[in-house]
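Data block below; observations after.
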Amino acid sequence: FEAPWEPDHRLVRVAIAGRAVPMADLPSRNLVFLIDVSGSMQGPDRLPWVKRGLVELARSLRARDRVAIVVYAGASGVVLEPTAGDRQDEIVSALERLEAGGSTAGAEGIRLAYRVARRHFDPKGINRVVLATDGDFNVGVTSRSDLLELIEEERESGVFLSVLGFGRG
């Protein structure tokens with residue numbers, strides 16, 4: 001397809017599907033949604049899409065799953081303590097209340113999210129921090145190598161990180 005912004009460029013869509021695993025066969029999930037609510041997430045292609053996607057994920061949770069929500073902007077905080085997956089209305093309500101504004105102290109948010117995940121670690125389950133951001137870290141630890149080192153250290157705890165990028169540019 002022709003790129004709408006540059007007629008000489010072409011767009012290609014690539015899709016990959018993994019093996020389908022029945023929900024009953026999935027281990028319990030200990031998830032911490034780490035959400036960038038800084039000012040740079042105000043655009044229509046950022047925080048609204050984060051909320052929409054995480055609401056969809058929340059609707060797939062089971063009673064044995066747990067989800068917590070940690071946010072960061074100028075400071076970090078826990079918006080929702082670990083909550084059973086069958087309490088979806090509470091999880092969705094917490095997501096819908098989020099608003100963007102402020103600077104971006106991403107490393108502080110990552111540290112807090114890992115602490116929450118480790119506190120509720122499930123040795124037989126999936127333990128994961130799901131970071132949703134536009135990638136604009138501008139307060140505290142902002143160096144790519146320092147952030148990578150932090151994430152690699154945390155991986156040793158058995159809590160893994162997934163990063164979801166939002167926005168353009």
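The values are calculated or read from the model by the stated rules, or taken from the named source; none is laboratory data. Only a predicted model underlies this, so the values are computations on that prediction, with no experimental measurement involved. Positions of Cβ are backbone-derived with ideal geometry, glycine not excepted, and every protein chain shown enters the neighbour counts. Note: accessible area is taken over every heavy atom of the protein model, side chains too, but ligands, DNA and RNA are not part of it. Shrake-Rupley method; radii C 1.70, N 1.55, O 1.52, S 1.80 Å.
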What one gets for segment 73-139 as the Kirkwood radius, inverse of mean 1/r over different Cα pairs in Å, is 13.5
With the charge dipole of the chain built from beta-carbon charges (+1 for Lys and Arg, -1 for Asp and Glu) about the Cα centre, the Cα from Trp49, His120, Leu147 projecting farthest to the positive end belongs to His120
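So what's the projected area for the chain, the Cα convex hull averaged over all directions, in nm²? Before the final figure, lay out each step's value.
Numbers: hull surface 45.3 nm².
Dividing the Cα hull surface by four gives the mean projection, 11.3 nm².
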Of every hundred units of 1.4 Å-probe accessible area on the chain, the number belonging to carbon and sulfur atoms, as a percent, is 52
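Sorted by accessible area (1.4 Å probe), largest first, how do Ser28, Ser38 line up?
Working: Ser28 20, Ser38 0 Å².
Largest accessible area first, the list is Ser28, Ser38.
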Counting only protein heavy atoms and rolling a 1.4 Å probe, one gets per residue an accessible area for segment 27-169 in Å² of 49
Relative contact order of the chain (C-alpha contacts under 8 Å, at least 6 apart) in percent is 27
Treating only Lys and Arg (+1) and Asp and Glu (-1) as charged, each at its beta carbon, one finds that the chain has a dipole about its Cα centre, in Debye to the nearest 20, of 580
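Out of the DSSP beta bridges found with both residues in the chain, what percent are antiparallel (nearest 5)?
Values: 8 of 28 bridges.
Bridges in the chain that DSSP calls antiparallel: roughly 30 percent.
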The long-range amide H neighbours of Val129, using H built 1.01 Å from N in the peptide plane and a cut-off of under 5 Å, are Val32, Phe160, Leu161, Ser162
Helix-only [θ] at 222 nm, the chain, -39500 (n - 2.57) per DSSP H run of 4+, per residue, nearest 500, equals -8500 deg cm²/dmol
